Amino acid sequence: MIKALNAVPLLVLLLIATTLEAAGDAVVRMAIYDHVGPVRIGLFLAGAVLLLAYGTFLNLAPLDFGRVIGLYLATLFVVWQVINFIVFRALPTLPTLIGGALVIAGGAIITFWRPA
């Protein structure tokens, strides 16, 4: 399975990882604030599975962790905003968009800038 995943483009792995992380975080948040009893336990377990899967996919990326983390953070910001809208119906505020633009720029610098 891991050999097959090595053929997957980096951006696809990062999109899968960020989607799993953002979804896992959203599920855990729903467990904490919106449910009790067996439903809460089920949501915590589902969140744990999603977060474990995120960590696995992120670490399958074929780059060293220091380089992949910049692109990952930029991708995570975008995916988190999409998940935040889908799950919680919340649009990003202007400060979030401006800060997010800085996160994306920083991620690009970390990933693609190679000192001479």
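Any read-out appearing in this document is the output of simple, stated calculations on the displayed coordinates, not a laboratory observation. Remember, predicted model here, so these are calculated numbers, not experimental data. So basically every Cβ, Gly included, is an ideal-geometry build from the backbone, and we count neighbours across all protein chains shown.
Counting only helical runs of four or more DSSP H residues, what would the 222 nm mean residue ellipticity of the chain come to if each run contributes -39,500 (n - 2.57) and the total is spread over all its residues? Present the calculation step by step, with values, prior to reporting the outcome.
Working: 5 runs with 96 residues, N = 116.
Theoretical 222 nm ellipticity from helices: -28500 deg cm²/dmol.
Given Cα pairs under 8 Å that are at least 6 residues apart, what percent is the relative contact order of the chain? Spell out each step's value before the answer.
Working: 119 pairs, mean separation 35.9, N = 116.
It rounds to 31 percent for the chain.
Rank Thr19, Thr93, Thr56 by mean-square fluctuation in a GNM of the chain with C-alpha springs under 10 angstrom and give only the top-ranked residue.
Most flexible of the set in this elastic network: Thr93.
Once you've got the GNM for the chain with C-alpha springs shorter than 10 Å, pick whichever of Tyr54, Tyr33, Tyr72 has the biggest mean-square fluctuation.
Judging by the Gaussian network model, the answer is Tyr33.
For the range 66-108 and the range 29-45, compute the distance between their C-alpha centroids and round to whole Å.
Spelled out, the Cα-based centre of one part sits 26 Å from the other.
Can you bin the range 51-116 into rounded, prolate or oblate? Criterion: square roots of the alpha carbon gyration tensor eigenvalues sorted a ≥ b ≥ c, rounded for a/c under 1.5, prolate for a/b above b/c, oblate for the rest. Before the final figure, lay out each step's value.
Numbers: a/c = 4.50, a/b = 1.32, b/c = 3.41.
Oblate is the answer for the range 51-116, as a/c is 1.5 or above yet b/c matches or exceeds a/b.
Name the residue, out of Phe44, Phe85, Phe77, whose mean-square fluctuation peaks in a Gaussian network model built on the chain with Cα pairs under 10 Å.
Its mean-square fluctuation being the largest, the pick is Phe85.
Just how large is the dipole of the chain about the Cα centre, in debye to the nearest 20, putting +1 at every Lys and Arg Cβ and -1 at every Asp and Glu Cβ?
Working: 6 positive and 4 negative charges, 20 e Å.
About 100 debye.
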